[in-house]
1. Residue by residue through the stretch 167-176, which ³J(HN,Hα) values in whole Hz follow from phi under the Karplus form 6.51 cos²θ - 1.76 cosθ + 1.60 (θ = phi - 60°), with glycine and proline marked x?
2. Can you give the convex hull volume per residue for the Cα atoms of the stretch 44-107, as a whole number of Å³?
3. If you average the C-alpha positions of the stretch 389-409 and of the stretch 25-87 separately, how far apart do those two centres end up, in angstrom?
4. Using the heavy atoms of the protein chains and a 1.4 angstrom probe, tell me the accessible area per residue for the stretch 513-577 in square angstrom.
5. Expected output is a single nm value to one decimal: the length gained when fully extending between Glu386 and Arg500, i.e. 0.36 nm times separation in residues minus the C-alpha distance. What is it?
6. Can you list residues from other chains, or at least 5 along the same chain, whose modelled amide H is less than 5 Å from the amide H of Phe516?
7. Please grab the % of Cα pairs in the stretch 111-211 that end up more than 18 Å from each other.
8. Name the shape class, rounded, prolate or oblate, that the alpha-carbon gyration tensor gives for the stretch 242-324, where a ≥ b ≥ c are the square roots of its eigenvalues, rounded holds for a/c under 1.5, and otherwise prolate holds if a/b is larger than b/c and oblate otherwise.
Amino acid sequence: MLTHLLSPLAAASPPAGGAEVGQVIGATLAACVLTAALVALGLGHRSGRFAVLGRWSRLSTRLSGLPGWAALPSGIATVSLLTAVFGMYWDISLHIDNGRDPGPLANPAHYFILFGLFGIFTAGWFAIVLPQERPGPAAIRIAGDWHVPVSGIMLMACASFALLGFPLDDISHRLFGQDVTLWGPTHLMMLGGAGLSLVGILGLLTEGRAANAAAAARGSAGAGGTHVAGFADSARIRHVRLVSACGGLLVGLSIFQGEFDFGVPQFRLLYQPVLIALAAGVALVAARSLAGRGAALGAVVFYLVVRGGLALLVGPVLGETTPHFPLYVAEALLVEAIGLRMTPAAAPFRFAAVAGAAVGSVGAGAEWAWSHVWGWYPWPAHLLGEAIALAVPVGIAGGVLGAFAASALRLRSEMVVTRRARGAAGGSVLVIAVVLGFLGFTTVPAGGGATVTLTEVHPAPARTVDATVRFEPPGVARDADWLTTISWQGRGRLVVRRLREVAGGVYRTEAPIPVFGSWKTNIRLHRGNVMASVPVYLPADPAIPAAGVAAASRFRRPFIGDRVLLQRERKRDVPAWLWGTAGAIVLACASALLALLGWGLVRLAATGDPPPRRSRGALVARPRAHGRPGGRDETRVMAAAVVVPLAHAGHVIEGIAFAGPAIVLPIALAVIALRERRRERREP
């Protein structure tokens, strides 16, 4: 196993917060070199000094039939995204099985994540610097005759958002301790930025096809590369691209269910059906609306190939905990069946609402059955009604967002740029936020606890035991959503054991549990909004610091908040206002990214025929004479280029260390545009 190569680094107790200075310096130097090379390559192409990007661009055009500024970045982004996703899944398994890292550069999975995210950013940068003429009507003018596809801006923004999660994660560890949860704010930045980059990739494919169509109409070579007809640009290949991209979007959105997939959920079980409905609603409705009949099923096939391959790599091959995953097959069949009865192109939002409702109801029932076949925590029957009640509105909201994005990518301006369409998309985001926020509140039973009797199965040093548990009050565990033991971070695979009732209020583990070494073993109770744990065995951790909890043959211990035990490394003495401020900053950045993506989709759709009449406040493209200085487009792109870096200006060192390009290149782009604006104003 590759992680054994790092055992000398992990011999001492790993640091509980923040990277070591030596690692920060090394990462800073590497980031500076990579950033300088990327800037030189891009600007050298623009000036004609370097020809390598031009050669790659022409090769990608010959292979794909798309303009080079769309083909090369979308190919790089696709490979990079798969690399980052593999690193993320491997990294999660490593943390579940082994605990904290000795440092960010001592974890082999982090290199795949960093290279993957940097590759996505590189793809966005290439999409910006490659065009030698205006890529299309949605393009944004940076300076002079330098126009960039709006999808390149979207792609680079997603990668910037994800890359900035690395330095902010290190800062978070220094301020708050390690959160050890997939749903930490900075972790969600990395996951969300990577997943949403599929929107930018789909946008590039759309702008590339539009450029080809315009070039064919003019009888010219097209914008930024020679148009190649034939198999590379056939309808079948275009269909496969769209289906694969929507399948990738389903993979990206499913990352947010990772805590349930890996068996260490720290939030209510109802989140799982809700998140499944959200991912299916967005990705499958978008696939069916974009690519037509069979596309939803094709997207699920792509998803199953990727997720199945990741499960095999992380589990049997690398020897870590195997991630489980939902099927989405029933949801795809529902979307396809509804698409046969209705016409998605004629009434996309009506189709989206019906398909989303089916996904949240019948689809939730199918995933309930699948959870009993291959799930860490099978959904109890009493949960299904509440799951459907919450999954239906989220499924509808997800479907509306999927239809909105698909309409934009089909350049259907009448379905996107109107106030009603934008209101539907904004209202859907609000519905999703309300449901997710509603499920976030949890409690711990006051005065409750458990008396535990341990029966030794295997003696020390590798001691394992059976546990008999008597809860107080006796009915506290009745009709639980889950009632298990969990043993993790013991340098071995995750161990989850269900507790079976043997008498009134008395439960017993169905198999032995480890209580030795670095294993952390707890009894977990989840019932409604009650989420509580009782520690069975915890090792001493001087880096936090925290005393050990011995596994005596018999003991009584009170209930503790479930996340308090699972996030043992979190600091408990941090002022609430500091945590709130940090969360607000991340939320503001996420909102800015979503707003930018929405703006980009609206701008893209506004180029379609027939063009809508411009209404007050509408975000549509407005033709402008060549070379006109100033204007709203330049202001918007410059603001988008600097808003994320400026939000984190107080953490320059960490930012350069892990996300130098996410800061340096947008600022460089803004500086170039400003200098060009000044030069144009001085000219007569």
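1. Ordered by residue, 3J(HN,Hα) equals x, 5, 5, 5, 5, 4, 5, 5, 7, 10 Hz.
2. On the way: hull volume 7.0 nm³, N = 64.
Measuring per residue, one finds 110 Å³ for the Cα hull of the stretch 44-107.
3. 33 Å
4. Numbers: 2760 Å² over 65 residues.
Each residue of the stretch 513-577 exposes 42 Å² on average to a 1.4 Å probe.
5. Values: separation 114, 0.36 × 114 = 41.04 nm, distance 2.40 nm.
Additional length available on full extension: 38.6 nm.
6. Amide H neighbours of Phe516: none.
7. Values: 2586 of 5050 pairs.
Tail fraction, whole percent: 51.
8. oblate
The values are calculated or read from the model by the stated rules, or taken from the named source; none is laboratory data. Since the structure is predicted, the reported quantities are computational estimates derived from the model, not experimental observations. Ligands, DNA and RNA are stripped out before the accessible areas are found, and what is left, the full protein with its side chains, is counted by its heavy atoms. Shrake-Rupley method; radii C 1.70, N 1.55, O 1.52, S 1.80 Å.
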